[in-house]
Each structure stands twice: as C-alpha cells, then as structure tokens.
Amino acid sequence: SNPPAPQETAFASQGFSVIVGITGKRPGRIILDMTQETANKLSEAINCEECEEEFVLDTLAELTNIVSGNGITTVNNANPGMGLMLTPPSIFIGNELTIVSPKLNAELVMVTTPVGLINFSIGVEGGK
C-alpha cells in the first residue's frame with residue numbers, strides 16, 4: 001500500500017463503492033472502492049466460491065463494516081469522548097460515478113492486492 005494522500009472533495013469511483021458514514025464529534029465517511037471485477041474476485045476469495053451478485057454485495061458491505069469498525073474503535077480508544085459511530089453501509093455501482101463530499105478533508109490510501117486495486121478514502125469534517 002501507499003502512504004495516505006490528500007484527496008479533492010470529488011472521489012472518482014472505479015465502479016463499485018461501499019460507503020459508511022461516520023457520526024459523532026467528527027462526522028465524515030469511509031469509502032471502500034474497486035472495480036466490479038475486483039469486487040467479484042475479492043468476494044470469491046473470502047467465500048471460497050463464485051458468488052451471485054447479492055452475495056457479493058453482502059460480502060463487501062460486511063468487509064467494509066469490519067475494516068471501518070476496527071478503525072473507528074482505534075480512534076475512539078485513542079481519543080476518549082470522541083464518540084464516533086458508523087452508519088450502515090451503502091453500495092454504489094456504476095460507470096463514471098463521482099462521489100462528492102463537500103466540507104470533508106479526505107485521505108486516500110491505494111492498496112494493490114492479488115485481486116486488484118482497492119482504494120480506501122477516509123474523510124472527516126474539519127481536518128485529519
């Protein structure tokens with residue numbers, strides 16, 4: 001993976017984005033983004049079998065919950081009183097999809113995996 005890089009307010013999706021909102025003292029959002037092909041391959045690798053579309057959606061939503069939950073727990077443990085919580089995931093699928101998050105300062109981490117490139121975008125109001 002590469003070090004986090006500052007990101008503009010507009011996020012250009014690769015075609016398959018799972019978004020989880022952050023509530024509490026520093027509201028924001030987390031995006032797990034990849035191509036549809038990478039989503040299918042990742043779901044297949046996690047479940048050890050080829051998956052129908054609905055199962056791919058469920059798998060990637062749950063993976064995003066796990067990753068986001070670990071991150072939010074770490075932040076909350078290091079910053080008592082922050083009270084950050086996650087919203088249920090939403091999944092956006094489509095070509096030329098742009099996700100705009102006004103008022104958020106975001107960091108982008110690009111991770112190259114055996115199944116393809118996965119982008120993590122983490123944005124919160126008011127800074128890092």
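The values are calculated or read from the model by the stated rules, or taken from the named source; none is laboratory data. Just so it is clear, the structure is predicted and the values come from calculations on it, not from any experiment. Neighbour counts are summed over all protein chains in view; Cβ atoms, including those assigned to glycine, are modelled from backbone coordinates with ideal geometry. Keep in mind that these areas ignore ligands, DNA and RNA; they rest on the heavy atoms of the full protein, side chains included. Shrake-Rupley method; radii C 1.70, N 1.55, O 1.52, S 1.80 Å.
Miscellaneous remarks
- First in the range 24-38 and on the phi < 0 side of the Ramachandran plot and open to solvent by 50 Å² or more (accessible area, probe 1.4 Å), second anywhere and in a strand (DSSP E or B) and β-branched (V, I, T), Cβ under 7 Å, 6 or more apart: R26/V124; Q36/I93
- Some residue of the range 49-66 being part of a strand (DSSP E or B), modelled with pLDDT of 95 or more and open to solvent by 90 Å² or more (accessible area, probe 1.4 Å): no
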